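*Asks:* Sharing a structure with you now.
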Amino acid sequence: MSDVLTVRNLTVRYPNAPRPSVQGVSFTVPARGSVALVGESGSGKSTTALAVTRLLDPAVEVTADEVSFEGRDLLRMGKKELRALRRGGLGMVFQDPRASWNPARTIERQLLDGLRGAERAERRERLVARMRRIGLDDPERRMRDYPHHFSGGMLQRALLAGVLVHEPRLLIADEPTSALDTTVQAELLALIGQLRTEQGLSMLLISHDLGVVARMSDHVLVLYAGRIAEQGPTSTVLAQPQHPYTRDLLAAIPRLHGPRKVPLQVGRVAEARTEGCPYAGRCRFATDRCRTETPAPRRVGGTEVACHLAPLPDAKAA
Amino acid sequence: MTPLLELRDVHKTFQGRGRTVRASRGVSLKVMPGEVVGLVGESGSGKSTVANMALGLLAPDSGEVLVHGERLIGASRKREKELRARVQAVFQEPLLALDSRRTIGWSIAEPLRIHGRGTRAEQEARVAELLTAVGLDPAFAERLPSQMSGGQLQRVNIARAIALDPELLVCDEPVSALDVSVQAQIINLFLEVQERLGIGMLFISHDLAVVRHLVDRIVVMYAGRVVEEGPTDELCANPHHPYTRALLAASLEPDADEAGVGVRTATTDATAAEGVPQEGCPFVPRCPLAEPACSEMPVVALAPTGPGRASACRRSGVLVEAGASTSNHD
């Protein structure tokens with residue numbers, strides 16, 4: 001099957017920034033596939049999503065060999081076509097459910113506005129069916145409520161319903177569950193998984209949480225300081241990480257089992273480097289070569305990794 | 001031994017327009033000297049209300065909040081000040097607790113000035129000592145908050161909180177706003193500070209996995225009530241309340257298998273505040289173990305279920321037995 005989204009050599013630079021926020025990032029989202037961008041604040045994961053969806057300020061410099069959705073060039077697409085796409089094949093969900101809603105208008109009015117074409121009664125009918133599908137009890141009545149009557153989890157579900165009613169082929173979800181409680185998060189993730197299977201939906205997931213990424217993606221890109229540190233099938237990257245950063249990130253996650261002290265190898269956060277490997281300042285294996293020469297991505301084991309030192313000696317003992 | 005902090009049957013209700021939130025409905029808990037207690041629950045469970053009452057920032061409607069066996073609210077001004085020096089706080093948003101126009105050194109020395117500890121030179125020396133203790137360069141005293149990262153600012157807040165050598169730290173979601181690697185560093189810093197100073201802590205979080213790394217004992221709140229408490233390892237290995245079990249099942253670990261799916265789908269997204277039965281157990285709408293009696297009969301009180309353990313659930317017995325049989329297989 002063909003790819004839904006193709007990104008080749010994407011670079012994004014904010015005005016006056018010392019280095020690009022995203023540098024040479026390439027990936028594809030295959031039909032029905034799910035790709036995750038993972039990294040910490042400043043890794044460039046959200047900037048990548050915003051660049052792809054053309055939501056960055058025009059002053060931000062975006063260059064790429066290709067950014068295309070189903071073969072259509074997203075970077076050179078006109079405003080009108082872009083808007084149609086956002087209401088059609090390309091759906092988006094963001095982190096803060098409250099920020100996505102206008103507090104002064106009812107859920108129903110906001111969702112109906114997004115729907116074009118059919119008669120109001122018919123549009124409403126479709127919405128009600130969607131809302132029921134995403135687990136809202138008594139949707140006819142609840143849809144007349146205002147956003148502040150809804151819990152965060154419910155708002156995020158309603159938003160998802162509003163996006164999915166357009167039957168998108170690709171869902172771009174930027175930290176869709178990070179603002180929610182763990183129990184609510186688990187339910188919403190299960191729901192997204194179900195809906196993806198039912199609708200044959202592809203997904204680009206942006207998350208800082210490797211637990212979420214493990215559940216929700218087939219392929220993962222680990223970003224550090226705007227570059228891809230490592231990428232590969234999610235299960236391989238998490239089970240046999242080849243980049244020191246991926247390993248450190250995995251080790252730093254609080255866990256329900258195992259030792260109390262977080263087995264932490266990450267040093268103090270270093271200033272982002274402009275030459276050499278961006279992680280060299282924090283990496284416990286770094287050599288002189290790492291500090292001067294930027295590593296190119298290579299295939300090592302089952303993943304593609306940008307590290308001079310891969311494979312690391314104790315590749316399994318992450 | 002007198003507990004550092006004790007809440008006795010504390011009630012607190014907030015009245016809004018047409019809405020009443022019973023944030024604390026008879027909460028009792030203790031933190032003994034040197035003990036680290038985790039308070040866990042989701043948004044709306046009342047955990048932050050408990051934190052604010054423990055700090056004397058909110059007065060309970062009824063019940064008592066005791067620091068060293070004494071009431072904070074209602075004590076003489078002088079005594080209140082003395083008691084307050086013993087209980088310090090670290091909050092979620094590192095920036096909000098600091099004055100953006102003042103240097104880091106000024107902010108860390110603020111409690112020292114308020115409580116008249118030492119001369120100016122002694123205070124400066126103490127600031128340097130505190131910065132070192134939290135892993136920062138003493139030269140950071142000259143910086144402004146805007147010149148520091150979130151993780152560094154949270155270190156500053158910890159330095160400030162321990163400036164008066166308190167006996168108890170109340171920490172409300174202190175690592176929730178941080179990136180994973182920074183979060184891990186701050187968790188380890190809390191462990192270090194606790195070990196070195198032997199300080200007691202009430203550590204509040206929605207994230208059981210974070211809390212587990214830090215605390216000896218966990219108290220789980222749901223809809224304004226304590227529903228379970230117990231020693232950390234036992235409670236995580238074998239929860240005695242269905243809500244605790246749901247919380248554990250919802251924790252996503254990158255290498256966890258798909259276990260616990262049944263529990264997860266059995267819960268529904270009802271926030272603690274809405275759709276809660278009047279009389280019966282508030283967890284009923286989300287509980288996979290609920291039976292008719294759970295919503296028809298008044299909610300059961302917290303009752304012992306094992307050594308150091310207690311659960312407020314009519315059906316705890318099922319979980320206690322399930323836990324006993326699995327540990328027999330080990």
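*Asks:* Any chance you could count how many residues in segment A:169-198 are in contact with a Ser or Thr (Cβ under 7 Å, 6 or more places away or on another chain), within 13 Å of chain B (Cβ to nearest Cβ) and not small (Gly, Ala, Ser)?
*Replies:* Here the count works out to 8.
*Asks:* Among (1) assigned to a loop (DSSP other than H, G, I, E, B); (2) in contact (Cβ under 8 Å) with a residue 60 or more places away in the chain, there is one condition A:Met92 misses while meeting the rest; what is its number?
*Replies:* Going through (1) assigned to a loop (DSSP other than H, G, I, E, B); (2) in contact (Cβ under 8 Å) with a residue 60 or more places away in the chain one by one, A:Met92 breaks only (1).
*Asks:* Listed residues A:Leu160, A:Leu112; which is closer than 30 Å to A:Leu210 by Cα, in the same structural domain as A:Ser43 (by TED's automatic domain parsing) and of a type outside the set (Phe, Trp, Tyr)?
*Replies:* On the way: A:Leu112 fails: closer than 30 Å to A:Leu210 by Cα.
On inspection, the qualifying residue turns out to be A:Leu160.
*Asks:* Taking segment A:141-168 as the region of interest, how many residues are among the aliphatic types (A, V, I, L, M), within 14 Å of another protein chain (Cβ to nearest Cβ) and within 25 Å of A:Arg32 (Cα to Cα)? Quick ask: steps written out before the conclusion?
*Replies:* Residues of segment A:141-168 among the aliphatic types (A, V, I, L, M): A:143, A:154-155, A:158-161, A:163-165.
Imposing the further condition that a residue be within 14 Å of another protein chain (Cβ to nearest Cβ) reduces the set to A:154-155, A:158-161.
From what's left, within 25 Å of A:Arg32 (Cα to Cα): A:158-161.
Residues meeting the conditions: 4.
*Asks:* To continue, here is another question. For segment A:129-149, which positions are under 28 Å from the mean Cα position of the chain (by Cα) and among the charged types (D, E, K, R)?
*Replies:* Those that are under 28 Å from the mean Cα position of the chain (by Cα) and among the charged types (D, E, K, R): A:Arg130, A:Arg132, A:Arg133.
*Asks:* Then there's this: Which residue is farthest from A:Val220 (Cα to Cα), if the candidates are limited to segment A:1-21 and must be at pLDDT below 95 and among the aliphatic types (A, V, I, L, M)?
*Replies:* Filtering first and then ranking leaves A:Ala17.
*Asks:* So is B:Ile108 in a helix (DSSP H, G or I), in contact (Cβ under 8 Å) with a residue 24 or more places away in the chain, more than 14 Å from every other protein chain (Cβ to nearest Cβ) and touching a strand residue (DSSP E or B) at 6+ places or on another chain (Cβ under 7 Å) or not?
*Replies:* Numbers: in a helix (DSSP H, G or I): yes; in contact (Cβ under 8 Å) with a residue 24 or more places away in the chain: yes; more than 14 Å from every other protein chain (Cβ to nearest Cβ): yes; touching a strand residue (DSSP E or B) at 6+ places or on another chain (Cβ under 7 Å): no.
So B:Ile108 does not fit the description; no.
*Asks:* Just for segment B:177-228: of the residues that are of a type in the set (Gly, Ala, Ser), over 21 Å from B:Ala161 (Cβ atoms) and under 17 Å from the mean Cα position of the chain (by Cα), which one is surrounded by the fewest Cβ atoms within 10 Å (Cβ to Cβ)? Outline the logic, then answer.
*Replies:* Within segment B:177-228, the subset of a type in the set (Gly, Ala, Ser) is B:177, B:181, B:184, B:198, B:200, B:205, B:209, B:223-224.
After this cut, where a residue has to be over 21 Å from B:Ala161 (Cβ atoms) as well, the list is B:181, B:209, B:223-224.
Filter again for under 17 Å from the mean Cα position of the chain (by Cα), leaving B:209, B:223-224.
Details: B:Ala209: 20, B:Ala223: 23, B:Gly224: 26.
Among them, the one singled out is B:Ala209.
Residue-wise test of (1) in contact (Cβ under 8 Å) with a residue 60 or more places away in the chain; (2) at the interface with chain A (Cβ under 9 Å from one of its Cβ atoms).
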| position | (1), (2) |
| --- | --- |
| B:Leu131 | no, no |
| B:Ala141 | no, no |
| B:Ile187 | no, yes |
| B:Val193 | yes, no |
| B:Ser205 | yes, no |
| B:Leu214 | yes, yes |
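*Asks:* Now for a different question. Return the pair list, or none, for Cβ contacts closer than 9 Å from residues in segment B:283-300 that are among the basic types (Lys, Arg) to residues that are not in a loop (DSSP other than H, G, I, E, B), at least 6 apart or on different chains.
*Replies:* B:Arg286/A:Thr183; B:Arg286/B:Pro242; B:Arg286/B:Tyr243; B:Arg286/B:Ala246; B:Arg286/B:Ala266
*Asks:* Just to be sure, is A:Ala161 assigned to a loop (DSSP other than H, G, I, E, B), touching a residue at least 24 places away in the same chain (Cβ under 8 Å) and either out of contact with any strand residue (DSSP E or B) (no Cβ under 9 Å at 6 or more places or on another chain) or crowded, with 21+ Cβ neighbours inside 10 Å (or both)? Let's see the steps before the verdict.
*Replies:* Details: assigned to a loop (DSSP other than H, G, I, E, B): no; touching a residue at least 24 places away in the same chain (Cβ under 8 Å): yes; either out of contact with any strand residue (DSSP E or B) (no Cβ under 9 Å at 6 or more places or on another chain) or crowded, with 21+ Cβ neighbours inside 10 Å (or both): yes.
In short, no.
Results for (1) in contact (Cβ under 8 Å) with a residue 24 or more places away in the chain; (2) of a type outside the set (Lys, Arg); (3) not in a helix (DSSP H, G or I), shown as yes or no for each residue.
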{"position": "A:Val29", "(1), (2), (3)": "yes, yes, yes"}
{"position": "A:Glu40", "(1), (2), (3)": "yes, yes, yes"}
{"position": "A:Leu55", "(1), (2), (3)": "no, yes, yes"}
{"position": "A:Val62", "(1), (2), (3)": "yes, yes, yes"}
{"position": "A:Arg83", "(1), (2), (3)": "no, no, no"}
{"position": "A:Pro97", "(1), (2), (3)": "yes, yes, yes"}
{"position": "A:Glu108", "(1), (2), (3)": "yes, yes, no"}
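*Asks:* A:Gly267 fails exactly one of the following numbered conditions: (1) in a loop (DSSP other than H, G, I, E, B); (2) at pLDDT 90 or above. What is the number of that condition?
*Replies:* Result: A:Gly267 fails condition (2) only.
*Asks:* On to the next question. Taking the residues in segment A:1-27 that are among the hydrophobic types (A, V, I, L, M, F, W, C) and in a strand (DSSP E or B) as candidates, determine which candidate is surrounded by the fewest Cβ atoms within 10 Å (Cβ to Cβ). Don't jump to the end; show me each part of the working.
*Replies:* Of all residues in segment A:1-27, those among the hydrophobic types (A, V, I, L, M, F, W, C) come to A:1, A:4-5, A:7, A:10, A:12, A:17, A:22, A:25, A:27.
Next cut, in a strand (DSSP E or B) only: A:4-5, A:7, A:10, A:12, A:22, A:25, A:27.
Details: A:Val4: 25, A:Leu5: 24, A:Val7: 23, A:Leu10: 25, A:Val12: 23, A:Val22: 26, A:Val25: 26, A:Phe27: 19.
Checked segment A:1-27; the qualifying residue surrounded by the fewest Cβ atoms within 10 Å (Cβ to Cβ) is A:Phe27.
*Asks:* Residue by residue through segment A:48-80, note down the ones that are buried (at least 17 other Cβ atoms within 10 Å of the Cβ) and of a type in the set (Val, Ile, Thr).
*Replies:* Passing the criteria: A:Thr48, A:Val52, A:Thr53, A:Val62, A:Val67.
*Asks:* Another question, then. Identify, by number, the condition in (1) closer than 18 Å to B:Thr2 by Cβ; (2) under 19 Å from the mean Cα position of the chain (by Cα) that B:Pro60 doesn't meet.
*Replies:* Against the list (1) closer than 18 Å to B:Thr2 by Cβ; (2) under 19 Å from the mean Cα position of the chain (by Cα), B:Pro60 comes up short only on (1).
*Asks:* Only one of B:Val226, B:Val210 is modelled with pLDDT of 90 or more and in contact with a helix residue (DSSP H, G or I) (Cβ under 7 Å, 6 or more places away or on another chain). Can you tell me which? I'd like the intermediate steps shown before the answer.
*Replies:* Values: B:Val226 fails: in contact with a helix residue (DSSP H, G or I) (Cβ under 7 Å, 6 or more places away or on another chain).
Testing whether each residue is modelled with pLDDT of 90 or more and in contact with a helix residue (DSSP H, G or I) (Cβ under 7 Å, 6 or more places away or on another chain) leaves just B:Val210.
*Asks:* Select from segment B:295-318 the residues that are of a type in the set (S, T, N, Q) and outside any helix (DSSP H, G or I) and list them in ascending order. Reasoning before the result, please.
*Replies:* Filtering segment B:295-318 down to residues of a type in the set (S, T, N, Q) leaves B:295, B:305, B:311, B:316.
Correct list: B:Thr305, B:Ser311.
*Asks:* List the helices (runs of 4 or more DSSP H) that sit entirely inside segment A:207-264 and contain at least 2 residues that are within 11 Å of chain B (Cβ to nearest Cβ) and touching a Leu at 6+ places or on another chain (Cβ under 7 Å). Let's see the steps before the verdict.
*Replies:* On the way: elements: A:210-216, A:234-239, A:244-251.
Result: A:210-216, A:244-251.
The values are calculated or read from the model by the stated rules, or taken from the named source; none is laboratory data. Just so it is clear, the model here is predicted, and its values are computed rather than measured. Glycine gets a Cβ as well: all are built from the backbone with ideal geometry, and neighbour counts include every protein chain shown.
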